[in-house]
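S.K.: Below is one structure. I have some questions about it.
The values are calculated or read from the model by the stated rules, or taken from the named source; none is laboratory data. Computed from a predicted structure; not experimentally measured. Here the Cβ positions follow ideal geometry from the backbone for every residue, glycine too, while neighbour counts run over all protein chains shown.
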């Protein structure tokens, strides 16, 4: 029993490190134990709730809930959270078309079906993942480091966390991991400009996953690999644009809410 107080003490002193350790542990163990990603997305929210309660009690849990329900932000960021994934996804398709000089692949889910995919996509993963990544972890990153440094760190940790899923995808693993890293910058662009609202990042992530399901599923493996490389390219372009236009805030050591 003496190990429990020591563990609680470590969590209290190092909540951010503890969060990522627990998130990795829960998700990776569940993935290999169950032979798939059924419980994988829950590693983030489970780690956030456990570490928040141990390190800060009910006050930390209330802060987590508040960040995940922070809806009073400018309407333009709701629009961008829904539109930017469309621009990146469609851009990826036409980039691949231009490179291969081929006809664009058809939508996997036409018309109104895309609207039905959004709530399903949100509940499937983004709700549980971003509640932890942005609701708990991001506010605890060092305030004396720049946005670009903290976002790059988060991106690397997210890419590592997704490795079991990525490697199970075969040839799409490399562009999948690269896109995961780069999308941290685009998602954090939404996060920083929406009063650090985890809710807006959940919406962005849900829209991106819904569009991915509509555009990318059902294609042959070779086409799918090209599509993921296209998505990596459009996320890279978006990241460069964000950093170039917001250099003063992204590279400054003073964090801005």
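S.K.: Going through the range 67-86 one residue at a time, which ones are touching a residue at least 12 places away in the same chain (Cβ under 8 Å), under 12 Å from residue 204 (Cα atoms) and either surrounded by fewer than 17 Cβ atoms within 10 Å (Cβ to Cβ) or over 17 Å from the mean Cα position of the chain (by Cα) (or both)?
M.R.: We begin by selecting, within the range 67-86, every residue touching a residue at least 12 places away in the same chain (Cβ under 8 Å); these are 67-74, 77-78, 80-82, 84-86.
Keeping just the survivors that are under 12 Å from residue 204 (Cα atoms) gives 77-78, 80-82, 84-86.
Within the range 67-86, just 86 meets the criteria.
S.K.: Tally time: how many residues in the range 113-142 are closer than 15 Å to residue 18 by Cα, surrounded by fewer than 19 Cβ atoms within 10 Å (Cβ to Cβ) and touching a helix residue (DSSP H, G or I) at 6+ places or on another chain (Cβ under 6 Å)?
M.R.: Selection size over the range 113-142: 2.
S.K.: Please verify whether residue 189 is buried (at least 18 other Cβ atoms within 10 Å of the Cβ), over 25 Å from residue 28 (Cα atoms) and in contact (Cβ under 8 Å) with a residue 60 or more places away in the chain, treating the condition exactly as stated. Break it down into steps so the answer makes sense when it comes.
M.R.: On the way: buried (at least 18 other Cβ atoms within 10 Å of the Cβ): yes; over 25 Å from residue 28 (Cα atoms): yes; in contact (Cβ under 8 Å) with a residue 60 or more places away in the chain: no.
Considered against the rule, which asks whether it is buried (at least 18 other Cβ atoms within 10 Å of the Cβ), over 25 Å from residue 28 (Cα atoms) and in contact (Cβ under 8 Å) with a residue 60 or more places away in the chain, residue 189 comes out as no.
S.K.: Do you know which residues across the range 209-219 are under 17 Å from residue 166 (Cα atoms) and modelled with pLDDT of 80 or more? Give the steps one after another, and end with the answer.
M.R.: Applying the first criterion (under 17 Å from residue 166 (Cα atoms)) to the range 209-219 yields 209, 212-213, 216-217.
Those that are under 17 Å from residue 166 (Cα atoms) and modelled with pLDDT of 80 or more: 209, 212, 213.
S.K.: When only residues in the range 6-40 that are at pLDDT 95 or above and not in a helix (DSSP H, G or I) count, which is surrounded by the most Cβ atoms within 10 Å (Cβ to Cβ)?
M.R.: Only one residue fits best here, namely 40.
S.K.: I would also like to ask the following. Starting from the range 240-256, keep only residues that are more than 8 Å from residue 147 (Cα to Cα), then list their pairs with residues that are part of a loop (DSSP other than H, G, I, E, B) and at pLDDT 95 or above whose Cβ atoms are within a distance under 9 Å, requiring at least 6 positions of separation or different chains.
M.R.: Pairs that qualify, where the first residue is more than 8 Å from residue 147 (Cα to Cα) and the partner is part of a loop (DSSP other than H, G, I, E, B) and at pLDDT 95 or above, are 243/251; 254/146.
S.K.: Something else: In this structure, does residue 43 turn out to be touching a helix residue (DSSP H, G or I) at 6+ places or on another chain (Cβ under 7 Å), within 16 Å of residue 162 (Cα to Cα) and either surrounded by fewer than 18 Cβ atoms within 10 Å (Cβ to Cβ) or in contact (Cβ under 8 Å) with a residue 60 or more places away in the chain (or both)?
M.R.: Values: touching a helix residue (DSSP H, G or I) at 6+ places or on another chain (Cβ under 7 Å): yes; within 16 Å of residue 162 (Cα to Cα): yes; either surrounded by fewer than 18 Cβ atoms within 10 Å (Cβ to Cβ) or in contact (Cβ under 8 Å) with a residue 60 or more places away in the chain (or both): yes.
Considered against the rule, which asks whether it is touching a helix residue (DSSP H, G or I) at 6+ places or on another chain (Cβ under 7 Å), within 16 Å of residue 162 (Cα to Cα) and either surrounded by fewer than 18 Cβ atoms within 10 Å (Cβ to Cβ) or in contact (Cβ under 8 Å) with a residue 60 or more places away in the chain (or both), residue 43 comes out as yes.
S.K.: For residue 3, state whether it is farther than 29 Å from residue 190 by Cα, at pLDDT 95 or above and out of contact with any helix residue (DSSP H, G or I) (no Cβ under 6 Å at 6 or more places or on another chain). Give the derivation first.
M.R.: Values: farther than 29 Å from residue 190 by Cα: yes; at pLDDT 95 or above: no; out of contact with any helix residue (DSSP H, G or I) (no Cβ under 6 Å at 6 or more places or on another chain): yes.
So residue 3 fails the test.
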